[in-house]
Amino acid sequence: MRHVADIPHPAVKITLLAWNGKFLLKLEQGNLEQTYKVAELDLLTGSDAEVRELLDEEFLAAAIARFQTMRDDLQAAFDRQELR
């Protein structure tokens, strides 16, 4: 796996990786992580610049909202099991 770039963002850590004919967009917030795999063949030129274009405001807003849903789901599981 090859590290391509760290992409700055105030709310999430974004890492772009390349591996086995795919780009991986890894978004992290606290102890949660989302990974999106994008095949090079799904892009016009197969460049990392095209993958970066996917990170528009709408995509990032949805991903950030999803982190809150993930956090809520995890807390609910802890609550059901009385672990916290």
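Return the FRET efficiency for the residue pair Met1, Glu50: r is the Cβ-Cβ distance, R0 is 22 Å, and the value is rounded to the nearest 0.05.
That pair, Met1 with Glu50, gives E of 0.70.
In region 1-20, whose amide N lies under 18 Å from the spot 7 Å out along Cα-to-Cβ of Leu43? List them in ranges.
Only 1-8, 14-20 fall inside the zone, counting backbone N under 18 Å.
To the nearest 500 deg cm²/dmol, what mean residue ellipticity at 222 nm is calculated for the chain from DSSP H runs of n ≥ 4 alone, each contributing -39,500 (n - 2.57), summed and divided by the residues?
For the chain, the value works out to -11500 deg cm²/dmol.
Using 0.36 nm per residue, how much length does the chain from Leu83 to His9 gain when fully extended, once their Cα-Cα distance is taken away?
Extra length from Leu83 to His9 when fully extended: 23.4 nm.
Where nothing but the Cβ of Lys and Arg (+1) and of Asp and Glu (-1) is charged, how large is the charge dipole of the chain around its Cα centre, in debye to the nearest 20?
Taking the Cα centre of the chain as origin, the dipole is about 320 debye.
When the Karplus curve 6.51 cos²θ - 1.76 cosθ + 1.60 is applied with θ = phi - 60°, which whole-Hz ³J(HN,Hα) does each residue of region 33-47 get, with x for Gly and Pro?
9, 10, 10, 10, 9, 10, 5, 4, 5, 7, 9, 5, 10, x, 9
Taking square-rooted eigenvalues a ≥ b ≥ c of the alpha carbon gyration tensor, is region 18-60 rounded, prolate or oblate, where a/c under 1.5 means rounded and, failing that, a/b exceeding b/c means prolate?
Oblate shape, in that a/c is at least 1.5 and b/c is the bigger or equal ratio.
Each value in this text was obtained by applying a stated rule to the coordinates, not by laboratory testing. Since the model is a prediction, treat every value here as computed from it, not as a measurement. A quick note on method: Cβ atoms are made from the backbone with ideal geometry, for glycine too, and the neighbour counts reach across all protein chains shown.
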